[in-house]
Amino acid sequence: MSKRLESLAGGRLAYIARTGEKLSLWLANNDGSEGKQLTPDFEFIEELRTDRSGRFLIFSARRAQQSHLFRVGPDGHDLRQLTHGDGLAIDSDVSPDGAWVLYGSLPAADPQIPMLYRVPADGGEAMLFSEVSCKAPVYSPDGSRVSCISGREVIILDSQSGKEL
């Protein structure tokens, strides 16, 4: 399930809202006042995450029939694409220390087998996180484990090695 609302420090909210035919990323006060659109040029945004300190927002957006993860500051500046390639990058979570973004990807070669990848939150090369076919990753509060869905089961992985526990 994709989140569409994140609380930020300073009494602000980041959220996904429909703007015409598009879904866009917005920022507003907790009461909904002073709404500001942060991402006007994406055709569709699927999910929204933030690191625990609220330094940045992560979202999955479609461009040219592909879904990639993007990072933007909570003020709408410093937009950068984190993932590349032919896969569909979705279902992300940010590590508790804010260093990594873990995400599920449906590879173009075999879209029936979701795999987990991770990419540095500041940008860089994405790498396969686990050999286990899995989706919807969630870090444990202490960052030592990751839960994910494999078939119809929830499994637990070591957050460093990606190995099943």
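The values are calculated or read from the model by the stated rules, or taken from the named source; none is laboratory data. All figures in this text were calculated on a predicted structure; none of them were measured in a lab. Here the Cβ is made from the backbone with ideal geometry for all residues, glycine too, and neighbour counts use every protein chain on show. For accessibility, only protein heavy atoms count, side chains too; no ligands or nucleic acids. Shrake-Rupley method; radii C 1.70, N 1.55, O 1.52, S 1.80 Å.
Here are some notes:
- Amide H contacts under 5 Å for LEU38: LEU25, TRP26, LEU27, restricted to partners 5 or more places along the chain or on a different chain, H placed in the peptide plane at 1.01 Å from N.
- Within the accessible surface of the chain, defined with a 1.4 Å probe on protein heavy atoms only, the carbon and sulfur portion equals 51 percent.
- Each residue of the range 21-30 was assigned a 3J(HN,Hα) from its phi angle through the Karplus curve 6.51 cos²θ - 1.76 cosθ + 1.60 (θ = phi - 60°); the sequence is 8, 10, 9, 10, 8, 10, 10, 8, 5, 4 Hz, with glycine and proline shown as x.
- Förster-model FRET efficiency, 22 Å R0, ARG80 and GLU34, C-beta, rounded to 0.05: 0.30
- Average accessible surface for the chain: 52 Å² per residue, computed with a 1.4 Å probe over protein heavy atoms with every protein chain in place.
- Residues whose amide H lies under 5 Å from that of SER130, counting only those 5 or more places away or on a different chain, are LEU116; hydrogens are built 1.01 Å from N in the peptide plane.
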